[in-house]
Each structure stands twice: as C-alpha cells, then as structure tokens.
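*Asks:* There's a structure below that I have some questions on.
Taken together, the values in this text are just the output of simple stated rules run on the coordinates, not laboratory data. Remember, predicted model here, so these are calculated numbers, not experimental data. Methodologically, a virtual Cβ is constructed for each residue, glycine included, from the backbone with ideal geometry; neighbour enumeration extends over all protein chains shown.
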Amino acid sequence: MSSMTRPSTRAVVTAPPAAKAPRARKSRVDPLYYFFLFPSLAIFTLAVTLPAVLGFVYSFTNSVGFGDFQFIGFRNFIAVFQDDGILGSYGFTLAFSLVTVILVNIVAFLLALGLTSRVRFRAALRTVFVIPMVISGIVIAFVFQYLFSNSLPLLGQGLGIEVLSSSILANPDLAWVGIVFVTAWQSVPSAMLIYIAGLLTVPPEVYEASSIDGASPWHNLRHITLPLVAGYAVINTVLGFKNYLNAYDIIVGLTDGGPGVSTRSVAMAIFRGFEGGDYAYQMANAVIFFLISVAIALIQLRFTRSKGGIAA
C-alpha cells in the first residue's frame, strides 16, 4: 500500500503589524504667557537695553548730551586711561569693595552663627539686626556724618585720643574707614540672612555624628559648617562686589567724594561728568567700568567653581 503524503499542518506565524508610534503633539503655548512676556520685555528693552546700546554708541562720539556730535573713534577710551582722577576713582572703588566685602562676610557669618545657636530671644535679635537693611542709604549716611563730625570728636577729646579728636571724614587718610564702616553696617543684615538660611539647611545629624566621634566645635566649624555654607558665601561675595562697585549714595552723604577726591567712586565720577557736560567721555568710562565689573564677576564664579563652592 503506497503511503500517502500528509499535508503539512505547521501553521505559519506572521508577526503582527508594527504599531505606529504616536505623533508627538506640538505643545501649544498658552497665550497668557505672551500677555505677560511682551510688556515686560518691551519695558526692559526701552528702559535698559536701548539706553545701554545708545550709551555705547555715544562713547565713540564727542557728544555733550544734546545737539550735534561727531564720531571720534577710541579717543574717549584712550583719554580715560590717561586721566589720573579717573584712575584714582577706580583704585578707591576696588579697594573699598574688597575691604568691605571681606568685613561684611566675616561679621555676617559670625552673627548668623550666634543667631542660629541656642540663645534666648533669637527672633527678637534677628529683627533688631535686620533694621539697618530697611533704612535708606542716604539717611544712614547723613546720620553717621553727624556722628563722625560731632559726637565722635567730642568722645575722642574726652578720652584723649588724638586720632578721634577731629572728624575722620575730613582726614584724607581715614575718610575711607568711615565709608567702609557705614556701608558694612547697612549691608551686614542682608548677608546675615543669607548665611542663616544656609546654616539652617545643614542637617543636625551631621553635628550629632561628629560629636559622637569627639570632634571639637572648631573642628565642626572648619570641616563641616564652612564647606556646607561655601555656596552661600559665594552668593554674598558676588552680590556684595556688585553693590559696592556701584557705591554712590552713602559716599555722597558722608564725604561727597572728599576730602578733595580721595573718596570719589567710579559711579560718582560718571554722574559728576554727566553734570559737567562730559557725556561721551563718561559714557566711555561707564563702558570700561561695565566690562571690569563683568570680568570680576566671571573671575569670582570661575574661582569658586574650581574650589567646589558652587555647582558648575
């Protein structure tokens, strides 16, 4: 009997058709976003960007602020670097900013340590220390100008201290000390609040573990507290330099740039130049000052990032 060939019963398995990937939906921007963006952008452009661009253009002219003018190239910039008065204002501003930012950070950090420790009336003390921050700089300057010119000399004469027997604001060698003191007095509260915020973020468990290992308070401060609040020190340093480089109102109220021009800041030199008709010349000075300020900020950020102060 011949064998019959059976047909193959193996089923052919076919793969299901590949599912089509859903099309990415284009995200639609809420029109309310543009409603808030465009007015703010227009105001910023008209109030900040456009004047800055025009000022940069005028720095290459001989304009006095009105009327006709001619382009004179880099003459204003060359003249700035040859002006001893302008260079002196840069020297004073940079030295004043450096000394003040160091003093403010040290005092603010020490106060923050004290006000975050277990002391009585912490809330009340924080309120008292914050008061200078909410007072106008020019008001503070006039009050201290009276104290330096009247009260302090009387105290110096009574104690027989010759240096304090006359107003330090009238002394070309000591006037900067009064400016640094008053500026620091107003600036310490804001820096202190930033340090308090940083100290409150340090987990208490870290100090507990350190105390179990027998670490001293100095060890905790050096190896735990300071590294963990380094980023907040960066914030205070950058903000401090930015504010002190633009110092104006306190200097005007205390010394008005004197005696002579020994305490004249760059900002004061620029504004006084505008009043005297040196518009284009001082605009060139302002452009140079802006570039120096940006360079200092970039150097600070670069240095602190390399040291691990803030995240890159």
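*Asks:* Measuring from centroid to centroid over Cα atoms, what is the spacing of segment 202-244 and segment 143-176 in Å?
*Replies:* Cα centroid of segment 202-244 versus Cα centroid of segment 143-176: 38 Å apart.
*Asks:* Of the peptides 31-43, 184-196, 272-284, how do they stack up when ordered by the mean number of other Cβ atoms within 10 Å, highest first?
*Replies:* Numbers: 31-43: 9.7, 184-196: 21.8, 272-284: 19.4.
Order by mean packing, descending: 184-196, 272-284, 31-43.
*Asks:* In addition: Suppose a student asked you for the relative contact order of segment 85-306, using Cα pairs under 8 Å spaced at least 6 residues apart; what percent would you report?
*Replies:* On the way: 222 pairs, mean separation 69.6, N = 222.
Value for segment 85-306: 31 percent.
*Asks:* Starting from the Kirkwood Rh over alpha-carbon pairs, what translational D in µm² s⁻¹ does segment 94-235 have by Stokes-Einstein at 25 °C and 0.890 mPa s? Spell out each step's value before the answer.
*Replies:* Details: Rh = 17.4 Å.
Stokes-Einstein gives a translational diffusion coefficient of 141 µm²/s.
*Asks:* What residues qualify as long-range amide H neighbours of Thr61, i.e. H under 5 Å apart, gap of 5 or more or another chain, H built at 1.01 Å from N?
*Replies:* Long-range HN contacts for Thr61: Ile72.
*Asks:* OK, next. What angle do you read, to the nearest 10 degrees and between 0 and 90, between the alpha-carbon axis of helix 175-200 and the longest principal axis of the chain?
*Replies:* Between the helix axis and the principal axis of the chain, the angle is about 30 degrees.
*Asks:* May I ask you to order 140-149, 214-223 by the average number of other C-beta atoms within 10 Å around their residues, highest value first?
*Replies:* Values: 140-149: 17.7, 214-223: 11.6.
By packing density, highest mean first, the sequence is 140-149, 214-223.
*Asks:* Rg and Dmax of the chain over Cα atoms: what are they, in angstrom?
*Replies:* 31.4, 142
*Asks:* Which three semi-axes in whole Å describe the equivalent ellipsoid of segment 146-220, each the square root of 5 times a Cα gyration tensor eigenvalue, listed largest first? It would help to have the intermediate numbers written out before the result.
*Replies:* On the way: eigenvalues 377, 53, 19 Å².
With the √(5λ) rule applied to segment 146-220, the semi-axes are 43, 16, 10 Å.
*Asks:* With +1 on each Lys and Arg Cβ and -1 on each Asp and Glu Cβ, and nothing else charged, work out how big the dipole of segment 85-306 is about its Cα centre, in Debye to the nearest 20.
*Replies:* 420 debye
*Asks:* Under a crude label model (7 Å from the Cα following the beta-carbon direction), how far is Phe36 from Gln82 in nanometres?
*Replies:* It works out to 5.3 nm between the two label points.
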